[in-house]
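Enquirer: Below you will find the structure I want to go over with you.
Where a number appears in this text, it was derived from the coordinates with a stated rule and is not lab data. Worth saying up front: this structure is predicted, and the values here are computed from it rather than measured. Don't worry about glycine lacking a Cβ; one is built from the backbone with ideal geometry, like all the others, and counts go over all protein chains shown.
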Amino acid sequence: MARTRTSKPGAPGRRVTGRHALWPLVAGCLLLVAPCVAAKWTAMIYMGADNGMSDQSYVDLLEMTQVGSSADVNIIVQVDHPASDSWPGARRLRIEKGRTSLLDELGELDMADPGTLRDFVRFARDLYPAENYLLVLWDHGSGWQKDQGAHRSRSPLDRDGSLLYDQSSGHAMSVAGGDLKRATAEVRLALGRSVSVLAFDACLMQMLEVMYEVKDAAEIGVGTEDLMPFNGFPYQEFLSRLVNQPTQSPRAYAAALPQLFVNAYSQGSQGDEEVTLSALDLTRLGPAVQALNALLREDIASAANEGFHAARRTCQTFSCEHVPPLPSDDNIDLLDFLDKAPWPSLATGKTDSPYDLFQKAVLTCAGRGIVAGARGIAVWFPDNYLALKLNHSAYRNLTFSRECGWLYFLDCFFSADDIKPLPVTRVELQSNCIGGHNDFLLKWPSAYDMAPVSYEVREISSPAVILDDPAENLDRWLADGFLLTSERAWSGNYSFYSGVGNNLENKLTLLAPLRLPHGGLLSFFAWYNTNETMDTTGTMHRDICYLEGSADPTAWTVLDSLYGENDAWQECRYYLPDTSAYWLRFRFKTGSGPHVTGVYIDNIQVQAFGDWRRVTPGTGTCDSSYYVFNALRDTFYYAVTPSDSFGNLGFVSPLLRVAVPRYAEPYSLPAPITGGSAVLICDYPSDETPDILIYTLNGELVASLPDVKARRVPWNVTNDKNKPLAAGLYLVVVKGWKFRSIGRIAVVR
C-alpha cells in the first residue's frame with residue numbers, strides 16, 4: 001500500500017519536498033564521525049526510498065535535522081535512493097542539528113533484503129551502543145498482504161511483498177512470506193536483545209497479523225491501522241520528545257507518540273488529515289492470542305449468526321480498497337469487533353477475556369475524523385467469501401494464522417466453503433518396516449484446509465490400467481464443443497480444451513463404457529483459469545467445468561467441479577464406483593461473462609480394482625497416520641483421501657504399494673466379539689481348504705468350521721452344539737494339509 005494523501009476531495013493538501021533546500025546540507029557534510037560512547041537511546045531509521053518515495057525522504061531528513069543527535073541520543077539513518085535520483089544509491093548518516101554527517105557510502109543495496117537491515121542494525125550497535133533502541137521502518141506498506149486492488153496504481157512496483165519496496169532490485173519485504181519475521185529475528189540477534197520500540201512509518205502495518213510476526217524481536221510496536229499520510233511521521237516532534245527526555249522509558253516514549261502524531265495532523269506541522277496511530281505492548285500479544293483462539297473454538301458454531309454479521313457491518317474499518325474507508329474494506333479494528341460481537345461463551349463481567357487482554361496490550365491509541373473509532377489493533381476480516389477464498393492460502397503462512405483459529409472462524413462466518421483440502425501428495429510406510437504380527441504404520445503429510453480435515457484410508461488390490469489416453473487425439477471421445485489444442489499440454493503435443501465464451505455448455509464424453517466391477521481410480525491433469533465474481537446479493541457466478549459419471553448415459557452424476565484460478569497443471573484423482581458399465585464426461589458451462597481462459601485436460605487414465613475396502617472407520621481419522629494390524633499375506637495398495645468439515649472432498653493420494661510377506665494370524669471382527677455374529681479372518685495358501693478349529697485355553701475343542709474357502713468367514717459365535725459361546729479367551733487354529741496358524745479371540749457377554 002503506497003502512502004497516500006487522505007484529505008477529502010477538494011480540501012487543501014500539503015506536499016513540500018524541500019529536496020533542493022536540503023541537498024547542500026547533505027552534500028556539504030561528508031564527515032566521518034568517530035564512534036560514540038554508550039548513550040541512552042539510538043534511533044535507527046531505515047528509509048527504503050528506492051522508489052516513488054524518494055523525494056519525501058529528503059523532507060523527512062530535513063525534519064530530523066531540526067532536532068539532531070545529542071550526547072544521550074544518536075539518530076542514525078540508512079537511506080537508499082533510486083538510480084534516477086540525483087543522489088543515487090544507499091548511505092548511512094548521523095543526524096546532527098542543522099546538518100547530516102555521512103558515515104558510509106554503500107552503493108546500490110537491496111533494502112528489502114533482511115540481511116541489509118541486519119547489517120545496518122549491527123553497524124549502529126557497534127558505533128552507537130545504547131540502553132534503548134528505536135528502529136523505524138520507513139516506506140510504503142500494505143499490512144500483511146501484498147498491495148492489490150484499487151491502490152496498486154499508487155505503488156511503485158508490481159510486487160509480492162508488503163513493505164520496503166526496492167525499485168532497483170525489484171524486491172519487496174513480505175509479511176506472509178516470512179521476510180519481516182526473518183529480518184526482525186536477525187535484528188534481535190544483531191542487538192543481542194529485543195528492540196525497545198519498533199515503529200512502522202508506512203501504511204496499514206498496525207495489524208495483529210504484522211505485530212505477531214515481530215513480537216519476539218521487539219518490546220513495543222508503533223504504527224497506524226489506516227493509511228499513512230504521504231508526509232509520514234512528524235520527525236521533529238517525535239525526535240524532540242526523545243532528545244529532550246532521554247531518560248524516559250520505552251513505554252513512556254512510545255505511549256506519547258500517538259497523540260503527537262494526531263496533533264501534527266490537526267492543522268499542525270503536517271497539515272490537516274484524518275489519521276490514527278497506536279502503540280502496542282508486544283509482550284502481551286501471546287496470551288491475548290491464546291485467549292482469542294480458545295474463544296473462537298468455543299463459539300465457532302455461532303460464527304454465521306446474524307449478530308456476528310451485524311458486528312462486522314458496523315465496526316471500524318480502514319482504507320484497504322477505498323479512501324475514505326467503507327464497511328466493505330478488508331481491515332477492521334479487532335477490539336471494536338470483539339466488543340460488538342455476541343460471543344455466547346463470554347459471561348457478563350468475565351475477566352481476562354480476549355477483549356480485556358488486547359485492550360491491555362494497547363498502551364495508547366489516538367485518532368481523528370473517520371478513523372476516530374480506531375482502538376489500536378487491526379485484523380483482516382474481508383466482507384465477502386470470494387476475498388477470503390482468494391487470500392486464504394497466503395494468510396495461512398502467517399504465524400498468527402498457524403497459532404489461532406481466525407481463518408477457520410472466517411470460513412464459518414461466511415459458511416460458504418467450496419474449497420477442497422489440499423491433496424495428500426504421498427503415503428509412506430513408516431521406516432519401510434512390517435512388524436512381526438503383520439502390523440505397519442502408514443503416514444502422510446497433513447492436508448491444509450481452512451476447516452478441520454479428516455482422512456479416509458482405502459486398501460486396494462490388483463489395480464490395472466484399463467484406459468490410458470494421452471489426449472493426443474479425440475478418437476475415444478465425443479467432442480461437443482471441446483477442442484484438441486496445442487496451446488498448452490501437460491505432456492506430448494496436445495490437450496483437450498473447453499473453449500471459452502458466453503452461455504456455453506460444451507461436453508467431452510467417453511464413447512465406450514468402463515468395466516469396473518470392483519470400482520476404480522480416475523486420474524487426469526487439469527489447468528484451469530475461470531472467472532468467479534460475486535454480485536451485490538452475495539451470489540457467486542462462475543464458469544465451471546463439471547466432471548460427471550453415469551452407469552446410464554441419460555442420467556449423469558456430478559463427481560467434481562473445476563473452477564477458479566489454478567494456473568499450473570494439477571493432477572486430479574477420483575474413486576469411481578463399482579459398476580459393470582460406467583461413462584465419463586467433462587461439461588463446461590458458462591454464463592454471460594466476463595470470462596478468462598477456460599479449462600485444459602490432459603493424460604487421462606483409469607485403473608480398475610481387483611477389490612477394495614475402507615480401513616478407517618466412520619468418517620475417517622483426524623490423524624495423519626494409520627496403523628494397519630494383522631494384514632493378510634498379499635500385495636496391497638493404500639490411498640488416502642482428505643475431506644473437510646464442510647463436506648469438500650480432496651483428491652485421492654497416489655497409491656502406496658505394500659507387500660506383506662507372511663501369513664497373518666487368525667483374528668475376529670469385531671475384536672472383542674460382543675454380539676451374536678462375527679467374522680473370522682483367516683490367512684492361508686491359495687491351494688489349501690483348511691478347517692477352523694476353536695479351542696478353550698485348556699485345549700478343549702468347542703467349535704469347528706470345516707473346509708474354509710474364503711479369508712473372511714461369517715460365524716454365529718456358537719459352539720458345535722449350537723449354543724452361544726461363553727465369554728472368555730479362545731484359541732483359533734487354521735489347519736490345512738501343509739499349513740497351520742494359531743491366533744486368539746475374545747468373547748465378551
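Enquirer: What nm distance separates the two modelled labels at Asp418 and Arg193, each placed 7 Å from Cα along Cα→Cβ?
Expert: Each label point lies 7 Å from its Cα, and together they span 5.6 nm.
Enquirer: With N denoting the number of residues in the range 19-282, provide Rg(C-alpha) divided by 2.2 N^0.38 Å, to two decimal places. Mind dumping the intermediate values first?
Expert: Details: Rg = 16.6 Å, N = 264, 2.2 N^0.38 = 18.3 Å.
Normalised Rg, Cα atoms only: 0.91.
Enquirer: Next up: Remind me, relative contact order of the chain in percent, using alpha carbon pairs under 8 angstrom and six or more residues apart?
Expert: 9 percent
Enquirer: Another question about this same structure. How large, in Å, is the chain by the Kirkwood hydrodynamic radius built from its alpha-carbon pairs?
Expert: Hydrodynamic radius (Kirkwood, Cα pairs) of the chain is 30.5 Å.
Enquirer: So how tilted is helix 285-299 from the main axis of the chain? Cα-based, degrees 0 to 90, rounded to 10.
Expert: Taking the Cα atoms of the chain, the angle to 285-299 is about 40 degrees.
Enquirer: For Asp611, Asp333, Asp560, which order do you get if you count the other beta carbons within 10 Å of each Cβ and list the fewest first? Show your work: numbers first, answer last.
Expert: Working: Asp611 13, Asp333 28, Asp560 16.
Exposure proxy ranking, most exposed first: Asp611, Asp560, Asp333.
Enquirer: Continuing with the same structure: Hey, with R₀ at 56 Å, roughly what FRET efficiency would Cys622 and Asp687 work out to, going by the Cβ-Cβ distance, to 0.05?
Expert: Numbers: r = 43 Å, r/R0 = 0.76.
After rounding, the FRET efficiency stands at 0.85.
Enquirer: Quick check: convex hull of the Cα atoms in the range 428-660, volume per residue, rounded to a whole Å³?
Expert: On the way: hull volume 33.0 nm³, N = 233.
Output value, Cα hull per residue: 142 Å³.
Enquirer: Going by alpha carbons, how many degrees (0 to 90, nearest 10) lie between the helix axis of 250-264 and the longest principal axis of the chain?
Expert: With rounding to tens, the tilt is 70 degrees.
Enquirer: Another question about this same structure. For the range 390-502, compute Rh as the Kirkwood radius over C-alpha pairs and then the Stokes-Einstein diffusion coefficient at 25 °C and 0.890 mPa s; write the answer in µm²/s, rounded to an integer.
Expert: Numbers: Rh = 19.3 Å.
Stokes-Einstein gives a translational diffusion coefficient of 127 µm²/s.
Enquirer: Sticking with the crude label model, points 7 Å out along Cα→Cβ, report the distance from Glu565 to Lys97 in nm, one decimal please.
Expert: 5.5 nm
Enquirer: Then there's this: Take the residue pairs Lys181/Lys443; Lys340/Lys360; Lys146/Lys181; Lys443/Lys709 and return only those whose Cα atoms are more than 22 Å apart.
Expert: In this structure, Lys181/Lys443; Lys443/Lys709 lie more than 22 Å apart at Cα.
Enquirer: Compute the long axis of helix 385-395 from its Cα atoms, compare it with the longest principal axis of the Cα atoms of the chain, and write down the angle in degrees, 0 to 90, nearest 10.
Expert: Computed tilt is about 80 degrees.
Enquirer: At 7 Å along the Cα-to-beta-carbon direction for both Lys709 and Ala252, put a label point, then send me their distance in nm to one decimal.
Expert: Inter-label distance under the simple model: 9.5 nm.
Enquirer: Could you compute the FRET efficiency for Asp535 and Glu131, with r as their C-beta to C-beta distance and R0 at 51 Å, rounded to 0.05?
Expert: 0.30
Enquirer: For Arg614 and Lys443, calculate 0.36 nm times their separation in residues minus their Cα-Cα distance, and state this gained length in nm to one decimal.
Expert: Working: separation 171, 0.36 × 171 = 61.56 nm, distance 1.62 nm.
Net length gain for the segment: 59.9 nm.
Enquirer: Give the aspartates and glutamates whose C-alpha is closer than 19 Å to that of Lys40, dropping any in the same chain fewer than 8 places away, or say none.
Expert: Asp72, Glu96, Asp126, Glu131, Glu219, Glu237
Enquirer: In addition: When the label point is put 7 Å from the Cα of Leu701 along its Cα-to-beta-carbon vector, which residues of the range 670-691 have a backbone N closer than 17 Å?
Expert: Of the residues in the range 670-691, 689-691 have backbone N under 17 Å from the label point off Leu701.
Enquirer: I've got another one for you. Can you tell me the Rg and the Dmax, both Å, for the Cα atoms in the range 614-738?
Expert: That works out to 18.0, 54 Å for Rg and Dmax.
Enquirer: If you count the DSSP beta bridges with both ends in the range 19-282, what percent of them are antiparallel, to the nearest 5? Show your work: numbers first, answer last.
Expert: Values: 22 of 47 bridges.
Taking every DSSP beta bridge with both residues in the range 19-282, the antiparallel ones total about 45 percent.
Enquirer: For every other residue with a beta carbon closer than 15 angstrom to the beta carbon of Asn503, add +1 if it is Lys or Arg and -1 if Asp or Glu, then tell me the sum. Don't jump to the answer; show the numbers that get you there.
Expert: Values: positive: Lys507, Arg542, Arg587, Lys589; negative: Asp480, Glu505, Asp543.
Result for the local shell: +1.
Enquirer: Provide the packing ranking of 461-472, 524-535, i.e. peptides ordered by the mean count of other C-beta atoms within 10 Å per residue, highest first.
Expert: Numbers: 461-472: 15.3, 524-535: 18.2.
Packing order, densest peptide first, comes out as 524-535, 461-472.
Enquirer: Given Cα pairs under 8 Å that are at least 6 residues apart, what percent is the relative contact order of the range 286-409? Don't skip to the end; give the middle numbers.
Expert: Details: 151 pairs, mean separation 38.8, N = 124.
It comes to 31 percent, rounded to a whole number.
Enquirer: Within the range 53-69, name every residue whose backbone N is under 19 Å away from a label modeled 7 Å from Cα of Asn244 along the Cβ vector.
Expert: Taking a point 7 Å out along Cα→Cβ of Asn244, the residues of the range 53-69 whose backbone N falls under 19 Å are 63-69.
Enquirer: With a ≥ b ≥ c the root eigenvalues of the C-alpha gyration tensor of the range 70-109, is it rounded (a/c under 1.5), prolate (a/b larger than b/c) or oblate? Walk me through the numbers on the way to the answer.
Expert: Working: a/c = 3.31, a/b = 2.28, b/c = 1.46.
Note, shape of the range 70-109 comes out prolate.
Enquirer: What per residue convex hull volume, in Å³, comes out for the range 667-747 when only alpha-carbon positions are used? Show your work: numbers first, answer last.
Expert: Numbers: hull volume 6.5 nm³, N = 81.
Spelled out: Cα convex hull of the range 667-747, divided by residues, is 81 Å³.
Enquirer: Also, I was wondering about something else. Using helices alone, I'd like the mean residue ellipticity at 222 nm for the chain: each DSSP H run of four-plus residues gives -39500 (n - 2.57), total over residue count, nearest 500. If you can, show how the numbers build up before the last one.
Expert: Details: 14 runs with 144 residues, N = 749.
Roughly -5500 deg cm²/dmol at 222 nm, from the helical runs in the chain.
Enquirer: Order by neighbour count: Met173, Met211, fewest other Cβ atoms within 10 Å first, most last.
Expert: Working: Met173 28, Met211 24.
Sorted ascending by nearby Cβ count, the order is Met211, Met173.
Enquirer: Ser592 to Ala555: FRET efficiency via 1/(1 + (r/R0)^6), r the Cβ-Cβ distance, R0 35 Å, to the nearest 0.05?
Expert: Working: r = 28 Å, r/R0 = 0.80.
Rounded to the nearest 0.05, the efficiency is 0.80.
Enquirer: While we're here: Summing Lys, Arg as +1 and Asp, Glu as -1, what charge do residues with Cβ under 11 Å from the Cβ of Leu655 carry, Leu655 excluded? Kindly include the intermediate steps, with their values, before the conclusion.
Expert: Details: positive: Arg426, Arg458, Arg573, Arg657; negative: Glu459.
That sum, taken over residues with Cβ under 11 Å, equals +3.
Enquirer: Would you calculate the convex hull of the Cα atoms in the range 277-436 and tell me its volume per residue in Å³? Walk me through the numbers on the way to the answer.
Expert: Numbers: hull volume 27.4 nm³, N = 160.
Hull volume over Cα atoms, normalised by residue count, gives 171 Å³.
Enquirer: A further question on this structure: Report the local net charge at Leu102: Lys and Arg +1, Asp and Glu -1, summed over other residues whose C-beta lies under 9 Å from its C-beta. Working shown, then result.
Expert: Values: positive: Arg91, Arg92, Arg94; negative: Asp104, Glu105.
Net charge around Leu102: +1.
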